[in-house]
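So the structure is just underneath, and the comments pick up after that.
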Amino acid sequence: MTSPVLLDRADLHASLADPALLSMNFLNEVAGRYPRAISFAPGRPTEETFDVADLHRYLDAYARHLAEDKGYDEVRVRRELFQYGRTKGVVHELIARQLQLDEGITVDPEAIVVTVGAQEALWLVLRALKAAENDVVLAVTPAYVGLTGAARLLDLPVRSVPEGPHGLRPEDLLDRIRAVRAAGERPRALYLVPDFSNPSGHSLDLATRRRLLEIAAEEDILLLEDNPYGYFRAADGERLPTLKALDTGQRVVHVGSLAKTCFPGARVGFAVADQQIAGGGLLADELSRAKSMVTVNTSPISQALVGGMLLEHGGSLLRANERAIAVYRRNLDCLLKGLERRFSALPGVSWNTPSGGFFVVVTVPFPVTDALLEDAAVRHGVLFTPMRHFGDDARSARQLRLSCSYLTTDQIESGLDRLSDLIAEHLRAAPDA
Ligand SMILES: Cc1ncc(COP(=O)(O)O)c(C=O)c1O
């Protein structure tokens, strides 16, 4: 008998041991390890609107659409659902219509690549943009770990553009671009979540959006706009336009996720990559070539389910999400009022007040580590996300992210009571920390 192989970690890609890659699994698994804790950790959509019966109906609605709207015969309908399919996806026309209806974005469906979640779209874009040794991507930081981790897998350095307490300042982006260039690096794109960002909850105002587009043109970079939360505004009224809706020079690669607006189990997202390539074709076609070697095509069954959901709601995700939007509004309101009631008189404790989305960031006068998180889970029965998973600056080290999307208001109230006990305990232990 031969002895079993023992691989050396040093012989595997270095990114596999990178903290960014460890973060995603840690954050996904921690709630599972403490099932009795109230978890403000995951940015999951509410389950209050899920119903298994919906899946059957969505599939039927999509199959009917293929037969009646597209005129496909029975053989073709079966093939569309059961077979390998078009690499760029099959619900691209429905997505283009949805972007027009909900966002005022006019885009050729050929410029859309339907991906396995937004995560694959981010990876494909970074893959395509890294051409030279000195290429880097800029990211508004603290940044979503999925971006940082994907960049690490591709050996693409991430250079941070720090978000201040009130969000991104365009002059900080300009300074960073110039510093990066002075160091001999080539910035290819700025990654950002302009609406109700993960993790910070911040949104960009209209003037900042317009200025970023100007800077992108002047400095010849792309903007990689990630928009999973844009529909979840807390108040009535007009949403601000996405960067892509304002983009007249194809400076924006827009990444959408249907994880929060349909359901994450489908694993469907997309990239709008309408940039022309000199010599012919679109960036979307280049992404498609890369995709053909990664996931081949996004599951047609998953695409049929989200396609059916869109069709059932007149093609609009805003309409499809009316109930979910009401849940998120209720929860964010409950969380912000609950923080106010418990913490407004506490020294050194503060938080931001996002105008929508899933996340609020709380600053405390002591370090927020993974050890503190484990202790909070074991002794206080509450979970959150230490912001140090998203940024290595001094401010993030004393911050925690609370996500309220997935809880009931009773759970939010009890979770905040537990968090309050934890914070009070630490303030007593180190009152001047
Ligand atoms: C900012 C951001 N981008 C991308 C994603 C990934 O989305 P998907 O589940 O579609 O891959 C998430 C998921 O939480 C996210 O918060």
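The values are calculated or read from the model by the stated rules, or taken from the named source; none is laboratory data. Here the structure is a predicted model, which means the values were calculated and not measured. Please note: Cβ atoms are built from the backbone with ideal geometry, for glycine as well, and neighbour counts cover all protein chains shown. Calculation scope for accessible area: heavy atoms of the full protein, side chains included, ligands and nucleic acids excluded. Shrake-Rupley method; radii C 1.70, N 1.55, O 1.52, S 1.80 Å.
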message = Using a probe radius of 1.4 Å on heavy atoms only, what accessible surface per residue do you get for region 56-319? Whole Å² is fine.
response = 41 Å²
note = Between A17 and A430, the two model label points (7 Å from Cα along the beta-carbon direction) sit apart by a distance in nm of 2.9 nm
query = Which whole number in µm²/s is D for the chain by Stokes-Einstein, with the Kirkwood Rh taken over Cα pairs at 10 °C and 1.306 mPa s?
reply = 70 µm²/s
inquiry  = Using a 7 Å offset from the Cα along the Cα-to-Cβ direction at both Q250 and V294, what is the distance between the two label points in nm, to one decimal?
reply    = 2.1 nm
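Find me the longest stretch of the chain that has none of the exposed chymotrypsin sites (Phe, Trp or Tyr not before Pro), where exposed means in a DSSP loop (not H, G, I, E or B) with at most 13 other Cβ atoms within 10 Å.
Working: sites that count: F50, Y84.
In the chain, the maximal stretch lacking such sites is 85-433.
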inquiry  = For a 26 Å ceiling on Cα separation, which of these pairs sit above it: K70/K260; K260/K337; K88/K260; K70/K244?
reply    = K70/K260; K70/K244
query = Residue farthest toward the positive end of the dipole of the chain, with Cβ of Lys/Arg at +1 and Asp/Glu at -1: which of L66, V161, L419?
reply = L419
ask   = How large is the dipole of region 56-319 about the Cα centre if only Lys and Arg carry +1 and Asp and Glu carry -1, each at its Cβ, rounded to the nearest 20 debye?
value = 520 debye
key: Carbon + sulfur, % of accessible area of the chain - ligands and nucleic acids excluded, 1.4 Å   = 53 percent
